[in-house]
Amino acid sequence: MKIYISADIEGVCGSTHWNEADNNKTDYAEFKKQMTAEVAAACKGAMAAGVKEIVVQDAHGTGRNITAKELPDGVKLIRGWSGHPNAMVQELDNTFDAVIFIGYHSRAGSGANPMAHTMRGSYVDYLKINDYYASEFLLHGMLAATLGVPVAFLAGDEGLCDEVKSINKNITTVAVKKGVGDSTFNLHPKEAIEKIWQGVENALQSDLSKCHLPKYDEYSLELRFKKQQLAFDASFYPGCKLIEPQTITFNTKDYFEVMRMMHFVIK
Ligand SMILES: [Zn+2]
């Protein structure tokens, strides 16, 4: 088996404030370690389930958070940002048997994480894809669905785990914390790591054919920006329509065009 792990930091155990997600701040060091430990636990759980090949993308901020030598031998790590529109799942293709999300967080507009946002916090008020208010998980998970790759597992805040279950109850989730207003209510970091290890091992031994996100013939996006200026600018991307001063729509049959549009309008 070959799996892909995409990792973020705002959904790891304990992280609560933007200073803890910013590599220029002293508060960050502890959460870089926790992110690394949660990803390492997912890799070890995968290996225990018989996975032979693991690709990890460090998908937060600079893309340079995870300490590579803390990961098990043989794991491949993507660092930095290539500029490819697939963003947080660069290099994901149909040769992978499953995708796993670690450290993922609730979407912009959610009350379930003090750092809730979608892609770029200062830009996006909400993103809607067909019937769903989309998180970063959903944006990238739907791309995986178009490639035929199921989502085996997600660890993050409780609000996002509820979102995952509401879309596909067969996907295994581990809630490492719960957001309450501007606070988080957390598991002990070691317990989070143990649950991720075990959760990934069990998930990869379950029937992954039931773990696909939905695929559609056509995708209708509604993207509301925080500022009208950003929506006006984005409305000139081919296919985007300004429907309200802060909101654009975009329709396509090809999901890659969703990723390409997001790449160019959320810069
Ligand atoms: Zn992040």
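The values are calculated or read from the model by the stated rules, or taken from the named source; none is laboratory data. These numbers were taken from a predicted model, which means no experiment stands behind them. All Cβ positions, glycine included, derive from the backbone under ideal geometry; neighbour counts span all protein chains shown.
Values computed for the structure shown
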item: Members of region 18-33 found to be away from the ligand (no atom under 13 Å from the Cβ) and either on the phi > 0 side of the Ramachandran plot or not hydroxyl-bearing (Ser, Thr, Tyr) (or both), listed by number; result: 19, 24, 25, 27, 29, 30, 33
item: Residues that are more than 23 Å from residue 167 (Cβ to Cβ), surrounded by 15 or more Cβ atoms within 10 Å (Cβ to Cβ) and of a type in the set (Phe, Trp, Tyr), drawn from region 191-236; result: 197, 225
item: All positions within region 62-113 that are in contact (Cβ under 8 Å) with a residue 40 or more places away in the chain, surrounded by fewer than 21 Cβ atoms within 10 Å (Cβ to Cβ), out of contact with any helix residue (DSSP H, G or I) (no Cβ under 6 Å at 6 or more places or on another chain) and under 30 Å from residue 183 (Cβ atoms); result: 64, 111
item: Test: residue in region 34-56 that is touching a strand residue (DSSP E or B) at 6+ places or on another chain (Cβ under 6 Å) and closer than 23 Å to residue 122 by Cα; result: no
item: The lone exception for residue 24 - which of (1) surrounded by fewer than 21 Cβ atoms within 10 Å (Cβ to Cβ); (2) among the polar types (S, T, N, Q); (3) touching a strand residue (DSSP E or B) at 6+ places or on another chain (Cβ under 9 Å) it fails; result: (3)
item: Filter pass, residue 79 being of a type in the set (D, E, K, R) and within 13 Å of the ligand (Cβ to nearest atom); result: no
item: Test: residue 12 is away from the ligand (no atom under 13 Å from the Cβ) and either touching a Gly at 6+ places or on another chain (Cβ under 6 Å) or not hydroxyl-bearing (Ser, Thr, Tyr) (or both); result: no
item: Single match in 49, 59, 40 (criterion: over 15 Å from the mean Cα position of the chain (by Cα) and buried (at least 21 other Cβ atoms within 10 Å of the Cβ)); result: 40
item: Failed item in (1) in contact (Cβ under 8 Å) with a residue 24 or more places away in the chain; (2) under 21 Å from the mean Cα position of the chain (by Cα); (3) not assigned by TED's automatic domain parsing to the domain that holds residue 249, with residue 205 passing the rest; result: (2)
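Here is a yes/no grid of residues against (1) at pLDDT 95 or above; (2) within 16 Å of the ligand (Cβ to nearest atom); (3) more than 26 Å from residue 146 (Cβ to Cβ):
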{"residue": "68", "(1), (2), (3)": "yes, no, yes"}
{"residue": "71", "(1), (2), (3)": "yes, no, yes"}
{"residue": "83", "(1), (2), (3)": "yes, no, no"}
{"residue": "87", "(1), (2), (3)": "yes, yes, no"}
{"residue": "90", "(1), (2), (3)": "yes, yes, no"}
{"residue": "96", "(1), (2), (3)": "yes, no, no"}
{"residue": "105", "(1), (2), (3)": "yes, yes, no"}
{"residue": "117", "(1), (2), (3)": "yes, yes, no"}
